[in-house]
1. Region 287-350 to region 231-282: how many Å between their Cα centroids?
2. What's the FRET efficiency of Y269 with E187 using the Cβ-Cβ distance as r and R₀ = 51 Å, to the nearest 0.05?
3. Just checking my list (1) 22.5; (2) 25.3; (3) 21.1 against Kirkwood radius over Cα pairs in Å computed from this structure; which label fits?
4. Starting from the alpha-carbon convex hull of region 199-345, give the projected area averaged over all orientations, in nm².
5. List the lysines whose Cα sits under 22 Å from the Cα of K206, skipping any in the same chain fewer than 8 residues away.
6. Within region 48-110, how many Lys pairs sit with Cα atoms under 20 Å apart, leaving out pairs fewer than 8 places apart on the same chain?
7. Give, as ranges by residue number, the residues of region 218-233 whose backbone N falls under 15 Å from the point 7 Å along Cα→Cβ of K316.
8. Dipole of region 195-301 (Lys/Arg Cβ +1, Asp/Glu Cβ -1, origin at the Cα centre): which of P253, V267, M232 lies farthest to the positive side?
Amino acid sequence: MGNKDIKKRFPLRIVLIVLTIAVIIGGYVSFRLYAAFFSGNVTDRYDYLYVRTGWTFEDVFNEISEKEMVKNTKTFRWAAEKMDYPNRVKAGKFRLEPDMNNRTLINKLGGGLQEPVRIRFEHLRLKEELAGLIAAQLEADSTALSTILNNATVADQYGFTAVNFFTMFIPNTYEFYWNTSAEQFVERMAREYNRFWNEDRLAKAKDLEMTPQEVSILASIVKGEAMHTSEMPTIAGLYINRLRRGMRLQADPTVIFANNDFTIRRVLYAHLTKDSPYNTYLYGGLPPGPINLPSIASIDAVLDYEKHKYIFMCAKEDFSGYHSFAVTQAEHNINARRFQRALNERNIKR
């Protein structure tokens, strides 16, 4: 073979070697890019990543690393930096799927594509209970919530007093984003309250010569008395009859609330002497605030109360949760004796 042939093949060999190296490097780079962006990286250890308000990328990275939410933290950091996630960290509750890749995860985090939280609250007696329930499901702090709920200035801003502010929170199921603050929660509840008190409900309250807050306070007593929703309109009608006659409500649930002892099963004379504006055996009219968080059913029961002549009621002696209603004191005394006898037979002393 001549020198010319060797010279011709030598550059070709160099070209082939360079191309081979380029292909290898390109393949390696492609593999690294694929691994960094598209290879499954999320573990199955947690269902959600909670990013708190004010967190930086390093806070997020530390959370992910410490809880082993991803298999390879190096590829996550590399991909996050390439996708500019450190400059677009957003708070929220983000769902994690096993084997989710870095690209999908970072797009979700950086885009703030968080999953909403469904919250239902009812059967609550105290503001602190509401604050604790909400704080257990949202980022909002329970102490901050309690402070707001007991703040007269905040209550006044929404058209309430500190003692009736609780009536603004209509029990229902709501969707929130996890990073909702205490202030944002209250603002949302104010909007829901205004939506709930539509023209129809406001007109019915006006016919009763009551404010929405007064309706809710009475509804809280109705709810405290009724174990069965079907009885609520009857009970509401009874209390409205007493109010219109200028009679004290004499509602046992208000006595239990005034004594701050929710274990009471049998209201005794000692309980009735508790000096409190919530004790409707001692004070006439409505108490200054609700004795629990009234339900929608109890509010509507007051607005659509049953028209009758009852002014007395007593729990039935069969402990079914229903009541015996009466028009006269004599009828009521008979019903009351039956119930007292049943309590004694079951040895219920308090």
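1. Cα centroid to Cα centroid, the span is 10 Å.
2. E between Y269 and E187, to the nearest 0.05, is 0.65.
3. Correct label, based on the coordinates given: (2).
4. 8.4
5. Leaving aside lysines fewer than 8 places away in the same chain, those within reach of K206 are K223, K307, K309.
6. Taking the Cα cut-off of 20 Å, the pair count is 11.
7. Residues 226-232 qualify, since their backbone N sits under 15 Å from the label point.
8. Value computed over the given set: V267.
Rule-based calculations on the coordinates, nothing more; no lab input. Being a predicted model, the structure only gives us computed values, none of them experimental. With ideal geometry, Cβ positions are generated from the backbone for all residues, glycine too; neighbour counts draw on all protein chains shown.
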